[in-house]
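To start, the structure under review is shown below, and the notes come after it.
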Amino acid sequence: MIRIQIINDNTLLRLAFAIRQKVFVEEQQVDPRLEYDEFEKISTHFLAYDNNVPVGAARWRKTNNGIKLERFAVMSAYRGKGIGSALLIAAINNIENPERKPIYLHAQNQVIPFYEKFGFEVEGEEFEEAGILHHKMIYKN
């Protein structure tokens, strides 16, 4: 059973960081100095569980360009089970956006089709972020 929880303490945040460490730093070779940033404290973080095992993480934050969804990570053994979908839906549903600011993300190229299923559209040219090719995607709800 998949369950998504908003992170509200440092113990849960450390679990999310451990997932991001495995997925981004170890698996994708992202420099840890790029993975953990000054926005951790102002972001709303989420933890995904599969049968009470923490297996996924994500966050959103307000930026000058709108509301950015980021740091979506699911442990490799749990991919393809709907955890990423549950995280994305939970994050979008959690956003309070009375000003209707754009909701966007920077998608690694291989997961663009995943985000398109949820109403995101590619905007602009391909770019590199942390050594990985990305495209900006805008939520067209």
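The values are calculated or read from the model by the stated rules, or taken from the named source; none is laboratory data. As the structure is a computational prediction, the values presented were derived from the model and not from experiment. Because the Cβ atoms are built from the backbone with ideal geometry, glycine has one as well, and the counts that use them run over all protein chains shown. Heavy atoms of the whole protein, side chains included, go into the accessibility calculation; ligands, DNA and RNA do not. Shrake-Rupley method; radii C 1.70, N 1.55, O 1.52, S 1.80 Å.
What accessible area per residue comes out for region 14-97, rounded to a whole number of Å², with a 1.4 Å probe? Don't skip to the end; give the middle numbers.
Details: 4190 Å² over 84 residues.
Heavy-atom SASA per residue in region 14-97 reads 50 Å².
So what is the diffusion coefficient of region 51-114 in µm² per second by Stokes-Einstein at 4 °C and 1.567 mPa s, using a Kirkwood Rh over Cα pairs? Intermediate values should be presented prior to the final figure.
Working: Rh = 12.8 Å.
In µm²/s, the coefficient rounds to 101.
When only alpha-carbon atoms are used, what values of Rg and Dmax, in angstrom, describe region 1-80?
Spelled out, the Cα radius of gyration and Dmax of region 1-80 are 12.4, 37 Å.
Work out which GluC sites (Glu not before Pro) in the chain are exposed loop sites (DSSP not H, G, I, E or B, at most 13 other Cβ within 10 Å) and give the longest gap free of them.
Details: sites that count: E38, E96, E99.
Formally, the longest exposed-site-free interval is 39-95.
Within region 67-141, what whole-number % of the accessible surface is contributed by carbon and sulfur, with the 1.4 Å probe and all protein chains included in the calculation? Spell out each step's value before the answer.
Details: 1990 of 4120 Å².
That fraction is 48 percent.
Straight-line reach from K68: which lysines have a Cα under 19 Å away, not including same-chain ones fewer than 8 places off?
Candidates past the 8-residue exclusion: K41, K101, K117, K136, K140.
With springs only between Cα atoms under 10 Å apart, run a GNM on the chain and tell me which of I42, I83, I112 wobbles the most.
Of the options given, I42 has the highest mean-square fluctuation.
Can you tell me the equivalent ellipsoid semi-axes for the chain? Use √(5λ) from the Cα gyration tensor, largest first, whole Å. If you can, show how the numbers build up before the last one.
Details: eigenvalues 89, 63, 50 Å².
Output for the chain: semi-axes of 21, 18, 16 Å.
Can you check what the net charge comes to around N109, using other residues whose Cβ is under 13 Å from the Cβ of N109 (Lys, Arg +1; Asp, Glu -1)? Spell out each step's value before the answer.
On the way: positive: K136; negative: E116, E125, E126, E128, E129.
Residues near N109 contribute -4 overall.
Would you list which lysines come within 19 Å of K22, measuring only between C-alpha atoms, while excluding same-chain residues fewer than 8 positions from it?
K81
Rg and Dmax in Å for region 84-141, alpha carbons only: what are they?
Values for region 84-141 (Cα only, Rg and Dmax): 11.8, 35 Å.
About the Cα centre of region 1-117, how large is the charge dipole given +1 on each Lys and Arg Cβ and -1 on each Asp and Glu Cβ? Please answer in debye to the nearest 20.
Working: 16 positive and 13 negative charges, 46 e Å.
Taking the Cα centre of region 1-117 as origin, the dipole is about 220 debye.
Could you size up the charge dipole of region 42-98 around its Cα centre, putting +1 on the beta carbon of Lys and Arg and -1 on that of Asp and Glu, and report it in debye to the nearest 20?
The calculation lands at about 160 debye.
Keeping all protein chains in the complex and leaving out DNA, RNA and ligands, what accessible area do you get for S43 with a 1.4 Å probe, in Å² to the nearest 10?
Accessible area, nearest 10 Å²: 20 Å².
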